[in-house]
1. Just want to confirm a number: the relative contact order over the chain, from Cα pairs under 8 angstrom separated by 6+ residues, in percent.
2. Mind listing which trypsin sites (Lys or Arg not before Pro) in the stretch 78-130 are in a DSSP loop and have 10 or fewer other Cβ atoms within 10 Å?
3. State the label only: which of (i) 61, 36, 36; (ii) 62, 40, 38; (iii) 85, 42, 35 corresponds to Cα extents along the principal axes in Å computed from the shown model?
4. On a 0 to 90° scale, report how tilted helix 212-223 is relative to the longest principal axis of the chain, with both axes built from alpha carbons and the result rounded to the nearest 10.
5. Quick check on the chain: helices-only [θ] at 222 nm, where DSSP H runs of length 4 and up contribute -39,500 (n - 2.57) each and the sum goes over total residues. Nearest 500, please.
6. In a shell of Cβ-Cβ distance under 15 Å around F201, excluding F201 itself, what net charge do Lys and Arg (+1) and Asp and Glu (-1) give?
7. Work out which GluC sites (Glu not before Pro) in the chain are exposed loop sites (DSSP not H, G, I, E or B, at most 10 other Cβ within 10 Å) and give the longest gap free of them.
8. Tally Lys and Arg at +1 and Asp and Glu at -1 over the other residues with C-beta under 10 Å from the C-beta of I70: what net charge comes out?
Amino acid sequence: TAAGTTNAPAGLASVTGTALDATVSTTTPVWSTCPGGAAYSLAIDWDGDGSFTDPDSEISQDTLSSGVSISYGRDQERQLSPGSVGRMAFSVNNSTRRYSPENTSSPLFGDLDPAREARAQVVFSGITYPLFRGRIDDYDVKVDRSDRAVDFSFLDSQALLQGATLSTALYHSIRSGDVINLILDAIGWTGGRSIDPGASFFRYWWAEGTDAFSAVQEVVRSEGPPAIAYQA
C-alpha cells in the first residue's frame, strides 16, 4: 500500500517498486518429485549420536528447488571404467543463517562439522527405499545478498576405503570375491555386504602399503567386464 498498486497484463509490462517497512513471507512445500504420495526425506545426524530422528536432523523443508543429485557406479559409461565413490549434493535455504557455523543463535551451533552422517530416502506406498547413505564431504556457505544458500556435498562409505592402508598375509588359490571380503575384513568393515564369488582364481594374492579402495579396484580390473564394486 505504501507504493500504490500497479496492474499489468502478463507479458506486456514490468514494474519495479519500493515500499517502506515491507513484510516478506515465504512458503515451503513438501519436497516430492514423484506423484502418488511419495515422501522424500533428507536428514543429517548433526550431533553424531547415530540417530536421524532428532528434531533438527530432518532438513528436507530447507532444500531448494534446484534438487538433489545422487550418483554411484562407474565414473563413465564404458565397461572398463573404474567404479567411483558415491556422491550426493544439494543446496539448502540459509536465509535465517541456520547453517552458518559462526551463528551462535543457530540450533546447530557447534555441530556443523565435516563427516556428519547423512541419509536420503523415500517412502512410497508404505515402503521405505534408501537412496543414499554417506557423510558430509564439504559445504559452501554463500553470503551474497541475493544468494543465501549453503551447498552441501557428500561421499558414501567407499571413501573410507581410500584412507585405509592394507598389510595382509599371502594367500594361495583364492577367488576374486573372497579377496574382496578379505579386504573388507582387514579394514574392519561393519556395514552390510553382498559380494559375488567371482569367476577368477588368483594363484597368489596379497596387499602391502596400498589403500583398500585401490586394492578393490585392482581385483575388479582382474575380473574384467562387467565386474564392478560399489556401495548400493
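1. Values: 400 pairs, mean separation 39.3, N = 232.
Once normalised by length, the contact order is 17 percent.
2. Values: sites: R78, R87, R97, R98, R116, R119; in loops: R78, R97, R98, R116.
When the trypsin sites (Lys or Arg not before Pro) of the stretch 78-130 are filtered for loop state and at most 10 Cβ neighbours within 10 Å, R78 remain.
3. Given (i) 61, 36, 36; (ii) 62, 40, 38; (iii) 85, 42, 35, the structure-derived one carries the label (iii).
4. 60 degrees
5. Values: 3 runs with 27 residues, N = 232.
-3500 deg cm²/dmol, from helical runs alone.
6. On the way: positive: R175, R203; negative: D178, D196, E223.
Around F201, the charge tally is -1.
7. On the way: sites that count: E77, E102.
Free of exposed loop sites, the longest segment is 103-232.
8. Numbers: positive: R87; negative: D156.
Combined, the nearby Lys, Arg, Asp and Glu give 0.
Every number in this text was worked out from the coordinates using simple rules, so none of it is lab data. Only a predicted model underlies this, so the values are computations on that prediction, with no experimental measurement involved. Methodologically, a virtual Cβ is constructed for each residue, glycine included, from the backbone with ideal geometry; neighbour enumeration extends over all protein chains shown.
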